[in-house]
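The values are calculated or read from the model by the stated rules, or taken from the named source; none is laboratory data. Values in this document were obtained by computation on a predicted structure and should not be read as measured data. For neighbour counting, all protein chains shown are included, and Cβ atoms are generated from backbone atoms with ideal geometry for every residue, glycine included.
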Amino acid sequence: MGEAIAFYTLAALILGFAVLVISARETVHSVLFLVLDFLCVAALYVLLHAQFLAVIQVLVYVGGIVVLYLFVVMLVNLKRLPEARLDPRRRGRLGFVLSALGLGELAAIVAWGYAVPSAGGAAAGPGLGPDNVEQIGRLLYTDYLIPFEVASMLLLVAMIGAIVLAKREVR
């Protein structure tokens, strides 16, 4: 009963902070709400007995990604008038179409996952036990190698994009 109350409390906090991330007027406040959101997700991992994932969540996301976000927020001049940020080269329809395609692809991946269950999927549940680091590593580099590499490529592209944008603003 206590675990259920803790889970629903953490779930409500995660959803609340996520709404505050996208609705905050100040960008720095949005990043701080994102930090709180990540910390609540780490607490949820602890509740699921995945302490290694909780530590990695705090180290990687709270310690690394949020610092990167804050650097981008500080480098990009957000004090300009909204009219000055309008770009005539912006392609709104193209962005919407690409977002819809990405969402469709995600839906297809989820549907495929339900249609053809993976053999390693049952071992990835919350009951991995206290020595789950070896199991997570084995799953990450066998069954989930392609998503892991895709995520690393996306992070590399995002980092290069941030550098290019920051360099363009410095000139």
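Scanning for something touching a helix residue (DSSP H, G or I) at 6+ places or on another chain (Cβ under 9 Å), of a type outside the set (Val, Ile, Thr), exposed (fewer than 10 other Cβ atoms within 10 Å of the Cβ) and modelled with pLDDT under 80, does the range 100-120 turn up at least one residue?
No - not one qualifying residue is present in the range 100-120.
How do the helices (runs of 4 or more DSSP H) wholly within the range 1-97 filter down when requiring 3 or more residues that are at pLDDT 90 or above and more than 23 Å from Ile163 (Cα to Cα): which remain?
2-23, 27-47
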